[in-house]
Amino acid sequence: MTGAAALRQGAQTAAPRAGRPGFEVYDPEFETLLGGDARLALVAETDAHEGPVYIPGEDALYFTTVPRTPGNPAGAPQAAIKRLALDGLSFPADPSRLSTLHAPVHMPNGMAIDHDGHLVVCEQGTRSAPARISRVDPRTGRADTIVDNWAGRRLNSPNDVVVRHDGTIWFTDPSYGYRQGFRPEPQAGNYVYRFDPRSGRLSVLGDSFDKPNGLAFSPDERTLYVTDSGANDEPGSYHVGRPHHVVAFDVLDGRHLGPGRLFAVTTPGFPDGIKADRDGRVYVSASSGVQSLSPAGDLIGQISLPGAVNFTFGGPGGRVLFITTDTAVWAAVLAVAGAAQHPRLETTRR
């Protein structure tokens, strides 16, 4: 693991080849996913922070906003879910296309889409409102609790979530809410969980993390990738001796994880959002933008966008990577589509 990390860090410090504006090429494979019409475009200036998801039937992007503390700085921070109605590849979008989804959610962060097109939301909670995974109807804003505890112990502050093809919900639960002062002291570890809606059982899948953050499946769902951003413990910190890497796990029988293996070390900064495309490449955010890695974990290129937080594939053919940066939504138009999430939603997109 140490040798592999050193090799990948070396690759990341290599000079990029000349490319088109907004993209840095480290390997010819990156040119393949760019194709001939790749471009990086501003979609909207807005407080887009986390959880971007694209709903094909609506041609709309949903995301969660930057947490704010209205009025008294000592009060509980607040965030919301916003909707951006798109128009194909016509960028930027008119500001009138932005709206807020009025849903009773508390500090929403990461999101996913379930098989019925509902939002699955990581609610970090506050000191008075419980942390939970909720199911939100994007049409009405109705929010229902999916799970809010493990063996009677409250969740920390769920960060990111994915829905597997079998309907199970996998999510990370770091203690960032406590470290940032808006959640009580943790009652559970910094775990990765799997929730089975059919049995109602919440299981711990991984307990070896400092701060588990983003997670994503490979296209065949045989591998789960998890980012560990432990280097960023308290707000604004960076502890180089703590994790800032991506770990890969074999998925066993769709219910368990095999031993973790180092997939890539993120530099500069620490990893947050993560996704895979249909060819198995992995995309990870860093302080310099969105890095693209081969299925073996080698850095092949970068979408240069400092401040990138999270992202999702969507748009025509699923070939647009929508990226949130806290101040805007950007679109990287590529020649490759993201890994298919749900057949029902994919049929709508084609």
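Taken together, the criteria place Pro259 among residues that are part of a loop (DSSP other than H, G, I, E, B), out of contact with any helix residue (DSSP H, G or I) (no Cβ under 8 Å at 6 or more places or on another chain) and open to solvent by 50 Å² or more (accessible area, probe 1.4 Å). May I ask you to verify whether Gly269 is more than 17 Å from the chain's Cα centre (by Cα), not in a helix (DSSP H, G or I) and not β-branched (Val, Ile, Thr)? The answer is no for Gly269.
Scanning region 159-204 for residues that are in contact with a His (Cβ under 8 Å, 6 or more places away or on another chain) and open to solvent by less than 30 Å² (accessible area, probe 1.4 Å) gives Val163, Gly167. Screening Phe209 on (1) in a strand (DSSP E or B); (2) aromatic (Phe, Trp, Tyr); (3) closer than 26 Å to Asp148 by Cα shows it passes everything except condition (1). Is it the case that some residue within region 149-157 is over 20 Å from Phe249 (Cβ atoms), in a loop (DSSP other than H, G, I, E, B) and open to solvent by 30 Å² or more (accessible area, probe 1.4 Å)? Looking for residues that are over 20 Å from Phe249 (Cβ atoms), in a loop (DSSP other than H, G, I, E, B) and open to solvent by 30 Å² or more (accessible area, probe 1.4 Å), one finds at least one in region 149-157, hence yes. Going residue by residue through region 235-243, is there one that turns out to be in a strand (DSSP E or B) and more than 21 Å from Met111 (Cβ to Cβ)? No, region 235-243 contains no residue that is in a strand (DSSP E or B) and more than 21 Å from Met111 (Cβ to Cβ). Cβ separations smaller than 7 Å between residues 6+ apart or across chains give the following pairs from region 181-205 residues that are acidic (Asp, Glu) to residues that are open to solvent by 50 Å² or more (accessible area, probe 1.4 Å): Glu185/Tyr178.
The values are calculated or read from the model by the stated rules, or taken from the named source; none is laboratory data. Model, not experiment: these values are computed from the prediction. All Cβ positions, glycine included, derive from the backbone under ideal geometry; neighbour counts span all protein chains shown. Side chains included, ligands, DNA and RNA excluded: accessible areas come from the protein's heavy atoms. Shrake-Rupley method; radii C 1.70, N 1.55, O 1.52, S 1.80 Å.
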